[in-house]
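Presented below is the structure to which this report refers.
Laboratory data are not the source of any read-out in this text; all were calculated from the coordinates shown. Note that the coordinates shown come from a computational prediction; the quantities given were computed from them, not determined experimentally. Glycine also receives a Cβ, built like all others from the backbone with ideal geometry; neighbour counts cover every protein chain displayed.
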Amino acid sequence: MTTHQPEPSRAQLQAKACIRCGREGGELVPAGHVYTSTSEGQAPLGWAVVAHPKCITIEETAC
Ligand SMILES: [Zn+2]
C-alpha cells in the first residue's frame, strides 16, 4: 500500500452515515461514490455513499 488515507467506516460505506462527518441520522442525500481497495491486484469496490446536504456544501465551497 502506498497511500495512507483513513478508511471510511462500515456505516459510511453502507450509506447509513454521512461520508463527510461520519454522523448517522438526519437528512442524508447521495454524495457520489467511494472506492476502497481490498488488496493488491484486485479491483476496488465502489460504494454509493451519502452525506448531509450541509456537509456537501461545505466541501464544495472549501476550494
Ligand atoms: Zn455530515
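Taking amide H positions as placed in the peptide plane 1.01 Å from N, state which residues far from CYS21 in sequence (5 or more) or on other chains have amide H under 5 Å from it.
Distant-sequence amide H within range of CYS21: HIS52.
For a quick protection proxy, order the peptides 38-45, 11-18 by their average other-Cβ count within 10 Å, most packed first. If you can, show how the numbers build up before the last one.
On the way: 38-45: 8.1, 11-18: 18.1.
Going from most to least packed, we get 11-18, 38-45.
Would you please state the base-10 log of I(q)/I(0) at q = 0.12, 0.16, 0.17, 0.32 1/Å for the stretch 10-61, with intensities from the Debye formula using one equal scatterer on every alpha carbon?
Per q value, in the given order, log10 I(q)/I(0) is -0.28, -0.46, -0.51, -1.19.
Can you work out the FRET efficiency for the pair ARG23 and ALA48, with r the C-beta to C-beta distance and R0 = 22 Å, to the nearest 0.05? Walk me through the intermediate numbers first.
Working: r = 18 Å, r/R0 = 0.83.
After rounding to 0.05, the efficiency reads 0.75.
Taking the number of other C-beta atoms within 10 Å as the exposure measure, put ARG10, ARG20 in order starting with the fewest.
On the way: ARG10 9, ARG20 17.
Fewest to most other Cβ atoms nearby, the residues stand as ARG10, ARG20.
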